[in-house]
1. Using a cut-off of under 19 Å, list every residue of segment 106-134 whose amide N is near the label point 7 Å from the Cα of Arg54 along the Cα-to-beta-carbon line.
2. Calculate, in nm to one decimal, what Arg161 and Arg115 gain on full extension: separation in residues at 0.36 nm each, minus their alpha carbon distance.
3. Of the listed peptides 16-22, 180-186, 139-145, what is their order by residue-averaged count of other C-beta atoms within 10 Å, with the highest listed first?
4. In nm, to one decimal, how far is the modelled label at Ala197 from the one at His177, with both set 7 Å along Cα→Cβ?
5. About its Cα centre, what dipole magnitude does segment 14-68 give when the only charges are +1 on Lys and Arg Cβ and -1 on Asp and Glu Cβ, stated in debye to the nearest 20?
6. Residue farthest toward the positive end of the dipole of segment 14-68, with Cβ of Lys/Arg at +1 and Asp/Glu at -1: which of Ala62, Leu24, Ala39?
7. If packing is taken as the mean number of other Cβ atoms within 10 Å per residue, what is the order of 208-219, 43-54, highest first?
8. Using 0.36 nm per residue, how much length does the chain from Lys70 to Glu41 gain when fully extended, once their Cα-Cα distance is taken away?
Amino acid sequence: MCAMARPRKPLLSRDRIVETAGALVDAEGLAALSTRRLAAELGVSGPSLYNHFRTKDEILDAVADAVSAKIDLSMFAEDDGRDWQTALHDWAVSYRAALADHPHIVPVLAQGPGRRPAGLRVADAVFGAMVRAGWPPAQATSIGALMRYFITGSALGSFARGFVDDEAAYDPADYPHLGQAHRLAEHRQKVDEGAFATGLRALLDGLRLQYETQVRASAARGVTRAGSSAPHTARGESATPHAVSSESSARGESAARPSPAQDGSATAEG
């Protein structure tokens, strides 16, 4: 009995289409992706793609979602133990790293998750962790939006690369403070990564201050009002809700990667 001959070309699948489309976008940008070009790269006819995707936009959505799936979300698990600031920090670093590996897809991701499953899982994880930490839902939504603006914005283009490597372009008579601007491109990675770290630290410091002055204070006022009519707690028990209790401000320390000692209560696990 003769064995069935293997097909000369790998069978077409959604995963293979997405992988090939992603490689094409990574190499040549979004403008290079067309169904005709993609079919040629796969060695198939154009119409065969429509057995798996209805439109080119669906293929592009799948490519974007494959990048979202690479973002680490473990820090938002209820049993992870990281406080909300550390969780946001670690997630932001993972998010930016995923975008840095696939910079051409950033404009698609910057539009939001739409119906993409992995993108929606990211949004759900961030929102859920912030609410568990004590943030009101409206502010938790704002935090998710703020983080996306900051991270995708930082990945849309290089600040350092925007300055030409030509000393003559920066005439001191016209630009007295840009005498070293021609060297920025040479130090692009250091400049861009440093800017991201500085921005993330400032963002988290601002959120921590808002948490202390608004969220924690509001919860404390609620406990005080309830305490006037509620039975006294047993000796040694705290009357402060778990999500906002025993938080240390540690104002003198950096919040770029805050430790539990800085904010011991507002944890990613709530």
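1. Within reach of a label on Arg54, which here means backbone N under 19 Å from a point 7 Å along Cα→Cβ, segment 106-134 contributes 113-118.
2. Values: separation 46, 0.36 × 46 = 16.56 nm, distance 3.36 nm.
Working it through step by step, the gained length comes to 13.2 nm.
3. Descending mean neighbour count gives 16-22, 139-145, 180-186.
4. Output for this residue pair reads 2.4 nm.
5. Numbers: 6 positive and 9 negative charges, 55 e Å.
Charge dipole, segment 14-68, about its Cα centre: 260 debye, nearest 20.
6. Projecting each Cα onto the dipole axis, the largest value belongs to Ala39.
7. Result, highest mean first: 208-219, 43-54.
8. Roughly 8.0 nm would be gained on extension.
Just so you know, all these numbers are worked out from the coordinates, no wet-lab data involved. All figures in this text were calculated on a predicted structure; none of them were measured in a lab. Every residue, glycine as well, gets a Cβ built from its backbone with ideal geometry; the counts of neighbours run over all protein chains shown.
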